[in-house]
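These notes are about the structure you will find just below.
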Amino acid sequence: MGVSREVFQTGVGKFSDLSPYGNKRERDTIVLSATTKGITMFTFTKFTLAQQFMVVSLLILLSGMVVIGLWVGKQIEIGVTNRTAAVTSLYVDSFVSPHLQDLPRTNQLEPEQLVALRQLLSETPLGKRIVSFKVWSPDGRILYSPNPNLIGRQFARDNGLTEALAGEVNSEVSDLDEPENEYERQLWNELIETYAPVWAEDGSKVIAVSEFYQTPDDLEVEIRAAQLRSWLVVSVATLAMYALLAGMVGRASKIIQTQQADLLENVIQLRTLLAQNEQLNERVRRAAARTTALNERFLRRISADLHDGPGQDLALALLRIDSLVESCGRCPVQVSEGLTVADDFRTVQTALKSALDEVRTISAGLRLPEIYSLSTAQTACRAIRDYERKTQHQVELVLDDLPEDAPLSVKITLYRIVQEALANGYRYANGAKQKVQLKTDGENLCLKITDSGDGFDPEAISLDGHLGLAGMRERVEILGGHFDIDSQLGRGTKIRAHLPLNIPEANESV
């Protein structure tokens, strides 16, 4: 178990900011805090996503439960307090109101009324529920209080008195810090303070306000019981929600884990298939390279067979015909009307010479020059030189950033493409402004051959099955390259070939 680099660096940064003569306790606290944070993060990240979600959701639900519980408890406290105050105020009003009906006329309480109020607190059940009692006039003057020193004194009207004069009952737990509560403050730390309006008999107006105090003991028991029940309900509801959430997340987590296992298995299978495909692709590329080299060997063999077989036979036949022509050149015997034997011998001699020249030309064209030891640029130059020697036409050559060497199959294809494309340009475009461009784009050898001849329709040529173009395309694509022809009538021809340079060596010399 370790500390993450970010947390450690944060701690070290803060530690280094302190003076070496600073507070050792402060330095130790920073290091301990960084270490603890790192351990917590390390432990938390070891959980699965579902476990992390459940931990976070539990914290959120517990936080929500605490907030809701506190809010509900407070509302219960306010509700119970107001309900108790309202009930008590009605009870007080039924006892006190009859003794205060003369206030609008006298504006004060008579001695017999004061005695009656005092007896209410001592001789009736009301005194068991109320520990102190005051009567206020509408102008904020105390008309009655257990403390005689307060009677007749006027105080500023607070919110409770103001609301009571407006006809509302106001109740709250008071810490008795107001000036008029000096008598109660000596006996209690806090009381439930309630202001209740005293209405005239006809209910037309508030003629006074009764203020009474109750101990919060019984009320607190009721509030705590209600709050305990609310906490119990909120806790059960929270646990139920968490259990449902945990069940759903657990089920989803199992499904995800199953899918992950299936996906991992599929990935492993796919990786195996990709490896096999890579091996097969490598074998195909090697086979393509070997095929290119073997084709040239076959062409060389055909060339040798033509030269050593039909070529030698034609040469021997030509020698014999030459001897016969010399012997029978003056023979006057006619074999047909207007033709003598000598004429037939000369015709056969001419045909044999033409056939021998054709066989030698075909044999020379089939045989590839020794390019195994040539560089990429030298291979292209050799193909162009051979073309220029045969046709007496000049070709512009542009070389740019070429590798020193290339696989043999690429050099063979390069030579054949240049040879065939220039020959086609000479045959169909009279060799007009022929140009060869050769460069690399990183992984491919890029060849471009152009001329300014009459051009042609590539689609019509492809439909005719033109063997030269088809052969060039086949040579390029068998190596995994790309071949393209761009030509229009009257706008010349462009031939592009991209040959990959990462072809495996064929290990076959040509």
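Quick notes on this one:
- Matching residues, segment 395-413, being outside any strand (DSSP E or B) and at pLDDT 90 or above: Val395
- For segment 133-158, the set of residues classified as part of a loop (DSSP other than H, G, I, E, B) and basic (Lys, Arg) consists of Arg153, Arg157, listed by residue number.
- Only one entry of Asn159, Asn189, Asn147 meets the criterion of being touching a residue at least 12 places away in the same chain (Cβ under 8 Å), within 20 Å of Pro216 (Cβ to Cβ) and out of contact with any His (no Cβ under 9 Å at 6 or more places or on another chain), and that entry is Asn189.
- Restricting segment 162-194 to residues that are among the hydrophobic types (A, V, I, L, M, F, W, C) and touching a strand residue (DSSP E or B) at 6+ places or on another chain (Cβ under 6 Å), the residue that is surrounded by the fewest Cβ atoms within 10 Å (Cβ to Cβ): Val173
- Out of Ser171, Ser204, sole residue that is hydroxyl-bearing (Ser, Thr, Tyr) and touching a residue at least 24 places away in the same chain (Cβ under 8 Å): Ser171
- Within segment 183-233, considering residues that are at pLDDT 85 or above and among the β-branched types (Val, Ile, Thr), the one farthest from Leu143 (Cα to Cα): Val233
Conditions tested, residue by residue: (1) under 30 Å from Thr413 (Cα atoms); (2) not charged (D, E, K, R).
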position	(1), (2)
Thr238	no, yes
Met241	no, yes
Ile255	no, yes
Asp262	no, no
Glu278	yes, no
Arg283	yes, no
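Yes/no matrix, rows are residues, columns are (1) assigned to a helix (DSSP H, G or I); (2) more than 16 Å from Ile78 (Cα to Cα):
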| residue | (1), (2) |
| --- | --- |
| Val173 | no, no |
| Asn189 | no, yes |
| Ile192 | no, no |
| Pro197 | no, yes |
| Phe212 | no, yes |
| Ser230 | yes, no |
| Thr238 | yes, yes |
| Gly250 | yes, yes |
| Ile256 | yes, yes |
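- Scanning segment 419-455 for residues that are crowded, with 19+ Cβ neighbours inside 10 Å and hydrophobic (A, V, I, L, M, F, W, C) turns up Ala421, Leu422, Ala429, Val436, Leu438, Leu445, Leu447, Ile449.
The values are calculated or read from the model by the stated rules, or taken from the named source; none is laboratory data. Keep in mind that this is a model prediction, so the values were computed, not measured. When we count neighbours, we look across all protein chains shown, and the Cβ atoms used for this are built from the backbone with ideal geometry, even at glycine.
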